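Below you'll find the structure, written out as structure tokens, and then a few comments.
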Amino acid sequence: MKNKFYNKGILYIIVAFQSAINIHAQTDWRINPNDFEYNMTVTSMAYIPCSYTMDSRDQVGAFVNGELRGVGYFDVLDQDKYYCFLVIYDSLYSGNVIQFKLYDASEDTIYDALDKMTFTDNKIVGSSSNPFVFQVVSPLDELLIDQDSLHRLSPIGTKLASMFLVNLKKDTVSASFSFVDDSFGLNNNLFEIQGNELFLSKDISHIGQNELFIHIIGKSKNDCPIDQKVKIKITNHTVQTSTIGNLLSIKMFPNPFKNDLFIETEISFDFIQIFDPLGKCIMQVPNKIENSVDLTQLTPGIYYINLLKENRLVGNAKIIHK
């Protein structure tokens, strides 16, 4: 077969020769260029969690259908950056899809790369001024919090939200979470983290402000940490009477009532909120086993009741105090 070396020939011959004879035993990536007729080149860098590679022992391997087609070290240092001049070989002129693996020598770990290419003879990808950057599969994209508001009368222990780390494929990954105690996380002390859930740990009913600020960081194995600055709105959970609907979803008795009110429903709930006709929350109490609430302190009139589960509205009804 022909053995063609274009694209700065001397440099690539040297790199290909080094790649063929200096492979670490941990990867066992060995290739004989004489077995192939065609080649292309990639000038590249690698972003291995959680930074650009600075280790000349790190490698990239190119594969077609699981078979090695090229291997190189990130051993070319230029302006404090490590590059790999990778030669990829194939027996077909063009068309095969190339997949890549990255070897992190310091961790003795092989990662699947996110990147794919289509082989074409004499193709040049990247340059020293604009290198192609290999990344490991599915780097983290964002930290998500599924709720950012909290009622001012929420009792200690109320769940505010669940937290998730999402990668570039939009898959949720297993992660641990903690607070970042800095100038933005002014109100971290009002909350606590349990697993991937955020709970209120202190009374906020006396706080005059309408916004709280917390700073959270999420970490996943083999991925870079990612943080999120969160602004939490404190609300009075105003409910307009015109929006009260589906009154049959829960049954209150007696209604009208005088002292105790009993709730009959198949809906599971944690807290009971009472609103006056203007939509102001005047009471919030935890649910009892017997699904009853003492409302003797209310003056006669019309009120609206909300049932909450994990700080979310799950039922409502109109009640009359006589």
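Read-outs: derived from the displayed coordinates by stated rules, not from any lab. Small disclaimer: the values here were computed from a predicted structure and weren't measured. Cβ placement follows ideal geometry from the backbone for every residue including glycine, while neighbour counts extend to all protein chains displayed.
The table below lists the values:
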item	result
Proximal lysines to K258, defined as alpha-carbon separation beneath 17 angstrom and excluding residues fewer than eight positions away on the same chain	K318, K322
Shape of the range 9-135, Cα gyration tensor, a/c cut at 1.5	rounded
For F100, F253, order by how many other beta-carbon atoms lie within 10 Å, fewest first	F253, F100
Hz values of 3J(HN,Hα) by residue in the range 172-181 - Karplus curve (6.51, -1.76, 1.60), Gly and Pro given as x	7, 10, 5, 7, 10, 10, 7, 8, 9, 8
Extended-chain gain in nm, criterion 0.36 nm per residue less alpha-carbon gap, S129 and S94	10.0 nm
Check: the range 9-135 dipole with +1 on Lys, Arg Cβ and -1 on Asp, Glu Cβ, in debye	240
Listed residue (N259, I272, H321) projecting farthest to the positive dipole end of the range 241-321, Cβ model	H321
Global geometry of the range 241-321, whether rounded, prolate or oblate, following the gyration tensor of its Cα atoms and the 1.5 cut on a/c	rounded
Two-site FRET efficiency, D181 against D112, from Cβ-Cβ distance with R₀ of 41 Å, rounded to 0.05	0.70
FRET efficiency, 1/(1 + (r/R0)^6) with R0 41 Å, evaluated for K233 and C50 via beta carbons	0.80
Extended-chain gain in nm, criterion 0.36 nm per residue less alpha-carbon gap, K288 and F199	30.0 nm
Sorted by Cβ density within 10 Å, fewest first, the residues E310, E266	E266, E310
Between the range 38-61 and the range 181-232, the alpha-carbon center distance in angstrom	37
Hits among lysines - C-alpha to C-alpha of K221 under 30 Å, sequence gap 8 or more where chains match	K81, K101, K116, K159, K169, K170, K229, K231
Theoretical FRET efficiency, 1/(1+(r/R0)^6), r = Cβ-Cβ of E264 and E211, R0 35 Å, to 0.05	0.35
